1. Gly105 passes all but one of (1) open to solvent by less than 30 Å² (accessible area, probe 1.4 Å); (2) within 26 Å of Pro27 (Cα to Cα); (3) over 16 Å from the mean Cα position of the chain (by Cα); which number fails?
2. Filter the range 46-59 down to residues that are part of a helix (DSSP H, G or I) and either touching a strand residue (DSSP E or B) at 6+ places or on another chain (Cβ under 9 Å) or at positive phi (or both), then give me how many there are.
3. Which ones in the range 60-97 are assigned to a loop (DSSP other than H, G, I, E, B), open to solvent by 20 Å² or more (accessible area, probe 1.4 Å) and of a type in the set (Gly, Ala, Ser)?
4. With the structure loaded, tell me whether Lys96 is at pLDDT below 95 and more than 23 Å from Val7 (Cβ to Cβ) or whether it fails that test.
5. Does Leu129 satisfy being touching a Ser or Thr at 6+ places or on another chain (Cβ under 6 Å), closer than 15 Å to Val17 by Cβ and not in a helix (DSSP H, G or I)?
6. Can you tell me how many residues within the range 132-158 are in a helix (DSSP H, G or I) and open to solvent by 10 Å² or more (accessible area, probe 1.4 Å)?
7. Being in a loop (DSSP other than H, G, I, E, B), within 17 Å of Met160 (Cα to Cα), at pLDDT below 95 and of a type outside the set (Phe, Trp, Tyr) narrows it down to one residue among Ile9, Ile2; which is it?
8. As an exercise: evaluate Ala69 against (1) among the small types (Gly, Ala, Ser); (2) within 21 Å of Arg141 (Cβ to Cβ); (3) more than 14 Å from the chain's Cα centre (by Cα); (4) modelled with pLDDT of 95 or more and give the number of the one condition it does not meet.
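The values are calculated or read from the model by the stated rules, or taken from the named source; none is laboratory data. On a predicted model such as this, the values are computed, not experimentally measured, just so you know. All Cβ positions, glycine included, derive from the backbone under ideal geometry; neighbour counts span all protein chains shown. Note: areas computed on protein heavy atoms with side chains; ligands, DNA, RNA excluded. Shrake-Rupley method; radii C 1.70, N 1.55, O 1.52, S 1.80 Å.
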Amino acid sequence: MIAKQMVKINPNRSTLVLIDLQSRLMPVIHQGEEVLKQCIKIAKIAKLLNIHIVGTEQSPQSLGHNVDAIAQLCKTTVAKDRFDACQDGLINALSKNREHLILAGCETHVCVMQTALELVRQNFKVSILVDAVGSRRSLDRDIALHRLGSSGATLLTTEMLAFEWLGNTSNESFKDALAIIKS
């Protein structure tokens, strides 16, 4: 088996995809407040770096819309009924020249996983923020992350990605991003 080549994630070639961080769903997510906190952090840093942010909402007529803090940070939001957001228009919301897709949100073992697996199949470079994804049960989240890592997605943390996007301390957004990281 040939090892997957690891490359740094270029902010100019990245899109952040925030999956189903909806007001009626978040209270039942294991450690949901921490998941949401990490999603907001990385979205604020993405905004500082002019990285496109796309949100999704699963059956918003039933589960409500994304929490306000997320909705305000997303440039585009895709309403969907299928668990794989690619089947309900996510692909059309993605910039063609941004092949690094960073996924965060809920639920890890359902919508995040099915969307990520399809994006990997379509040859995108998919990364999952392990501290910014959640499920109702931690076992479901953990098994999904194992499966995603085995399927070609890169697993990383919010802080790891933030510093990778920044590149160095001379980045003009470094101080503002550092304040967000430390918050």
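1. Going through the list (1) open to solvent by less than 30 Å² (accessible area, probe 1.4 Å); (2) within 26 Å of Pro27 (Cα to Cα); (3) over 16 Å from the mean Cα position of the chain (by Cα), Gly105 breaks only (3).
2. 2
3. Gly89, Ser95
4. The answer is no for Lys96.
5. In short, yes.
6. 11
7. Every option except Ile9 fails the conditions.
8. (2)
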